[in-house]
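Trainee: Let me begin by handing over the structure; questions about it come next.
The values are calculated or read from the model by the stated rules, or taken from the named source; none is laboratory data. Predicted model only: the values in this text are computed from it and were never measured. Virtual Cβ from ideal backbone geometry, glycine too; neighbours counted across all protein chains shown.
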């Protein structure tokens, strides 16, 4: 765009991406639109207020979250019809990605009102870009909390040979790691925390060998699982004689040691041996 031409900002809803940590990641276009907005919708006015203060923006902030989304959306639609400029931001990253906003967007679409994306920071693409995994990926978001629902979800996902991205509360990471070990032993994992911040950290390992993380971690983690390992000539079924051997070994050795020994000895997938050992405990 010609630097001498000022960006035209029409009335409508703008989905403005905001920094996931480092304030300097905000785009020039995002700043301009936020300054021109009549109303900025946000999840937490205190948190977003700090961002606007840093950017020296004095636009009006309205709380917009899952508890008031339907009610506020009606008022916002009326404002847009009156040629107002409305921005929607999340606490961090790109709006509507595992955050509120879909109700308002669909109302705008139904009313034939303009909806504009303002691209920028995203925890999903940031984590995938440094993972070293395949760039064909599936973003799932937050996993179910209930065990039965979680098991069904992971069973469906483990068949997919793509990179998979999750958002996980740090307080629950060890629980989810234990569940990943049941379904994704043939994958690598990267856990991204504090991305773009001073204490940015990336934990890289194989799902089968990753250890529990410290219990005092805070915030939200972006977890990426790789596509499946490409193992050649690896058997996927256990012979009856091997099953007998496994049963005897489990009386003397740990679950982990048996999986390691049998998978190497019999050229079996570790996940297959692991699941069989697990079935014997039930």
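Trainee: From the residues in segment 49-65 that are touching a strand residue (DSSP E or B) at 6+ places or on another chain (Cβ under 7 Å) and within 22 Å of residue 194 (Cβ to Cβ), which one is surrounded by the most Cβ atoms within 10 Å (Cβ to Cβ)?
Mentor: The residue in question is 51.
Trainee: Could you list all residues from segment 86-106 that are touching a strand residue (DSSP E or B) at 6+ places or on another chain (Cβ under 8 Å) and in a helix (DSSP H, G or I)?
Mentor: Within segment 86-106, 104, 105 qualify.
Trainee: Is segment 71-85 home to any residue that is assigned to a strand (DSSP E or B), in contact (Cβ under 8 Å) with a residue 40 or more places away in the chain and either under 14 Å from the mean Cα position of the chain (by Cα) or not assigned by TED's automatic domain parsing to the domain that holds residue 221 (or both)?
Mentor: Looking through segment 71-85, at least one residue is assigned to a strand (DSSP E or B), in contact (Cβ under 8 Å) with a residue 40 or more places away in the chain and either under 14 Å from the mean Cα position of the chain (by Cα) or not assigned by TED's automatic domain parsing to the domain that holds residue 221 (or both).
Trainee: Something else now. Restricting attention to segment 115-139, report how many residues are surrounded by 15 or more Cβ atoms within 10 Å (Cβ to Cβ) and in contact with a helix residue (DSSP H, G or I) (Cβ under 8 Å, 6 or more places away or on another chain).
Mentor: 6
Trainee: Quick check on my filter: what residues within segment 36-54 are under 23 Å from residue 81 (Cα atoms) and touching a helix residue (DSSP H, G or I) at 6+ places or on another chain (Cβ under 8 Å)?
Mentor: 38, 39, 40, 41, 42
Trainee: Quickly run through segment 35-48 and pick out the residues that are buried (at least 19 other Cβ atoms within 10 Å of the Cβ) and in contact with a strand residue (DSSP E or B) (Cβ under 6 Å, 6 or more places away or on another chain).
Mentor: 37, 39, 40, 41, 42, 48
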